[in-house]
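Trainee: Sharing a structure, written as C-alpha cells. Questions coming.
Taken together, the values in this text are just the output of simple stated rules run on the coordinates, not laboratory data. Predicted model only: the values in this text are computed from it and were never measured. Positions of Cβ are backbone-derived with ideal geometry, glycine not excepted, and every protein chain shown enters the neighbour counts.
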Amino acid sequence: MTYSNQRQGFKTVELTMGALFVGLMAIGANIAIWLPFLKVSIGGASVPISLQTFFATLAGLMLGKRLGSFSMLVYLCVGAAGIPVFAEMKAGISTFATGTGGFLLSFIFVAWFAGWVVEKSQRLSPFPTYFLASLAGLMANYMIGTNFLYVALIGWIGVEASYTAVWLGMVPFFIKDFALTFFAASLAVALVSRVRTPLQSSTVRS
C-alpha cells in the first residue's frame with residue numbers, strides 16, 4: 001500500500017483529488033445546517049455534529065499522508081482567508097483561537113497519521129490496515145483538539161473546567177467518530193484502489 005509521496009510537487013490529478021476533499025470538509029463541517037437534528041446540547045449550548053474528522057481520515061487513507069495532510073492545510077487556509085467553510089459557516093483566522101480551534105488544526109495530523117499507517121502497513125489485509133489507520137487519525141484528532149480546548153477554556157476564554165470534565169464532554173462526539181472509523185475503513189477498502197490508479201498513472205506519465 002504505497003503512494004507517490006516521495007516526489008516534490010503535485011500533479012494536476014493529485015491537486016484535483018485534494019480539492020475534492022477540501023470541498024467535502026466544508027460540507028462535512030456544516031451538515032448540521034441542512035440537518036438540524038444533528039446537534040447535541042452540552043452545558044446549555046447547542047453543538048453541531050460534523051463529519052470533518054471522517055473526511056480528514058478518509059483523505060489520509062485515500063490520498064496518503066503527504067497529499068492528504070496538504071489538502072487539509074489548504075482547507076484551513078481557505079477558511080482562514082475568509083471563505084465560510086468551517087462549522088456553522090464560520091471563517092477567519094480568529095476561528096483558530098476559539099475552543100474548537102485545536103480540532104481544526106488537528107485535521108492536518110489526522111490525515112497525516114492515517115496515511116502514514118497505511119503506507120507503513122504491509123502485512124495486514126486492507127480492512128484491518130484502514131481501521132488501524134482511521135483509529136490513529138482519530139486519536140490525533142482528540143488528543144490535539146481536546147487538550148487545546150482545555151487550555152482555551154481555562155486560558156483566554158475564562159471558563160472554569162476540570163481536565164476530566166472536558167474529556168467527559170467529548171465522549172458523545174468520540175463515540176460518533178469511533179463508529180465512523182469502521183465506515184471509513186470499509187469505504188477505503190472499496191475506493192482506495194480506484195483513487196490510487198489515476199494518481200499512480202499521473203506519476204508514470206510525468
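Trainee: Got a sec? How would Val166, Val159 order by Cβ neighbour count within 10 Å, fewest to most?
Mentor: Values: Val166 19, Val159 12.
With the sparsest Cβ surroundings first, the list reads Val159, Val166.
Trainee: Starting with the fewest neighbours, write out Glu88, Glu160, Glu119 ranked by other beta-carbon atoms found within 10 Å of each beta-carbon. Please report the intermediate quantities before stating the final value.
Mentor: Values: Glu88 14, Glu160 7, Glu119 18.
Going from sparsest to densest Cβ surroundings: Glu160, Glu88, Glu119.
Trainee: On to the next question. How big is the charge dipole of the range 12-201 about its Cα centre, in debye rounded to the nearest 20, if each Lys and Arg gets +1 on its Cβ and each Asp and Glu gets -1 on its Cβ? Provide the component values of the computation, followed by the final result.
Mentor: Details: 9 positive and 5 negative charges, 83 e Å.
Computed charge dipole of the range 12-201: roughly 400 debye.
Trainee: Are there trypsin sites (Lys or Arg not before Pro) in the range 102-177 that DSSP marks as loop and that have at most 12 other Cβ atoms within 10 Å, and which are they?
Mentor: Hits after loop and neighbour filter: Arg123.
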